[in-house]
Structure formats: C-alpha cells, structure tokens
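Trainee: I'd like to ask you about the structure that follows.
The values are calculated or read from the model by the stated rules, or taken from the named source; none is laboratory data. Because the structure is predicted, anything quoted here is derived from the model rather than measured. In case anyone asks, the SASA skips ligands and DNA or RNA and just uses the protein heavy atoms, side chains included. Shrake-Rupley method; radii C 1.70, N 1.55, O 1.52, S 1.80 Å.
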Amino acid sequence: MLDAAEAVVGDVGAAALSIDAVAKAAGITKSGVQYCFGTKQKLIDAMFRRWEAEFDQEVADLVGADPDPITSIRGHIEATMRTDEVENARSAVLMAALLQTPEERQRAQDWYRQRLDDLDVSTDLGRRTRLAFLASEGLFILRCCGLMDVSEAEWASAYKDILEFQASPETGARGERGGARRS
C-alpha cells in the first residue's frame with residue numbers, strides 16, 4: 001500500500017493523495033486502507049517512517065554502529081550520493097506529501113535538525129562537515145525536485161568535491177588552501 005501511495009503522489013501529485021486513491025492504486029477496498037492506516041495523516045507518517053528507516057539503514061551500513069557525529073554526517077552524504085534518479089523521484093514524492101501541513105514540515109525539520117545537533121561547529125572539521133551536509137542536501141533537493149538537470153557524471157563529480165572539501169584539513173573557511181585570503 002505504501003508503494004501505491006507513492007505512485008499516487010508521483011502520478012497525480014501530493015494533493016491527490018487520499019485513502020480512496022491509494023485503495024484504487026493498490027487494487028483493494030477503501031476500508032482495507034483505512035484498516036491499515038486509519039487516516040491520511042497516518043498513511044503519510046508510515047510513508048515517512050519507511051523512507052527514514054531505509055535511509056538510516058543505508059547510513060548505518062556505511063558507518064557502522066555508534067558513529068561519531070562527523071562520521072554519521074559523512075555517511076549521510078555518501079548515502080545521498082548513492083541515490084539514483086528513481087530514488088530521487090521517490091524522495092520528491094515523499095517530500096511533496098510531507099510538506100503539506102505545518103505538522104509534516106515540523107517532522108522534516110526535526111529530522112534534519114537531528115542530523116546536525118551533535119556536530120561540534122566550533123572546530124574547522126565541524127564547520128566543513130556542516131557545510132558539506134548542507135551542500136549535499138541542496139544538490140539533492142535541486143535534482144529530486146527537478147529544479148536543476150544534473151547528469152549522473154555531474155552528480156558524482158559534485159559529491160566527490162563535497163566529500164573532499166569535508167575531509168580536507170587544508171581548506172579554510174573561504175574554501176582556499178591554507179585559509180589565506182586571496183589578494
């Protein structure tokens with residue numbers, strides 16, 4: 001049913017997501033969907049929980065158990081980098097469904113905030129990691145929402161640059177080697 005819900009949003013938009021539309025897409029009765037989810041909000045919550053669990057598992061596979069905040073965010077960036085166009089489309093569907101109400105936006109905001117909460121931005125590495133995370137998510141959103149055409153080669157190249165920037169101890173706050181200002 002969650003696949004059917006994603007298909008509904010992908011095919012006809014987030015505004016068209018309803019218990020009835022999901023039932024039709026899944027080939028079951030409306031009462032069957034209501035039995036499983038109860039309300040549209042609970043359906044959206046289930047969609048988000050599934051996506052979140054899949055993404056978090058991918059990050060955990062990359063970084064192992066109990067990573068430090070830097071490693072955790074680097075894993076997040078690497079997991080994002082590995083998404084393909086199909087996953088980007090699926091994420092766009094979810095984002096469209098999630099951002100319809102203040103409560104749904106708050107859940108997304110909390111999810112993002114949790115990614116950065118433990119990061120020590122008083123250090124150069126912490127600041128580079130935060131900037132790399134924000135760049136990664138910006139590129140992801142531009143691509144998955146269709147705001148910018150990004151080829152697979154450009155996608156891979158940009159993420160390589162982001163990861164190199166994050167890890168590079170020689171990069172200063174202005175992105176220059178050694179942190180010196182250019183004249």
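Trainee: Can you report the number of residues in the stretch 29-59 which are in a loop (DSSP other than H, G, I, E, B) and of a type in the set (Asp, Glu)?
Mentor: 0
Trainee: Can you tell me which residues in the stretch 21-35 are within 23 Å of Leu99 (Cα to Cα) and open to solvent by less than 70 Å² (accessible area, probe 1.4 Å)?
Mentor: Within the stretch 21-35, Ala21, Val22, Ala23, Ala25, Val33 qualify.
Trainee: Test Ala89 against the criterion of being at pLDDT below 90 and open to solvent by 50 Å² or more (accessible area, probe 1.4 Å), and give yes or no.
Mentor: Yes, satisfied.
Trainee: Could you check the stretch 36-66 and list, in sequence order, the residues that are open to solvent by less than 50 Å² (accessible area, probe 1.4 Å) and either aliphatic (A, V, I, L, M) or under 30 Å from Thr123 (Cα atoms) (or both)?
Mentor: Of everything in the stretch 36-66, those that are open to solvent by less than 50 Å² (accessible area, probe 1.4 Å) and either aliphatic (A, V, I, L, M) or under 30 Å from Thr123 (Cα atoms) (or both) turn out to be Leu43, Ile44, Ala46, Met47, Glu52, Phe55, Val59, Ala60, Val63, Gly64.
Trainee: Could you check the stretch 60-83 and list, in sequence order, the residues that are of a type in the set (Gly, Ala, Ser) and assigned to a helix (DSSP H, G or I)?
Mentor: Ala60, Ser72, Gly75, Ala79
Quick grid of which residues meet (1) among the small types (Gly, Ala, Ser); (2) under 12 Å from the mean Cα position of the chain (by Cα); (3) open to solvent by 80 Å² or more (accessible area, probe 1.4 Å):
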{"residue": "Leu94", "(1), (2), (3)": "no, yes, no"}
{"residue": "Tyr112", "(1), (2), (3)": "no, yes, no"}
{"residue": "Asp118", "(1), (2), (3)": "no, no, yes"}
{"residue": "Asp124", "(1), (2), (3)": "no, no, yes"}
{"residue": "Arg128", "(1), (2), (3)": "no, no, no"}
{"residue": "Phe133", "(1), (2), (3)": "no, yes, no"}
{"residue": "Ser136", "(1), (2), (3)": "yes, yes, no"}
{"residue": "Arg143", "(1), (2), (3)": "no, yes, no"}
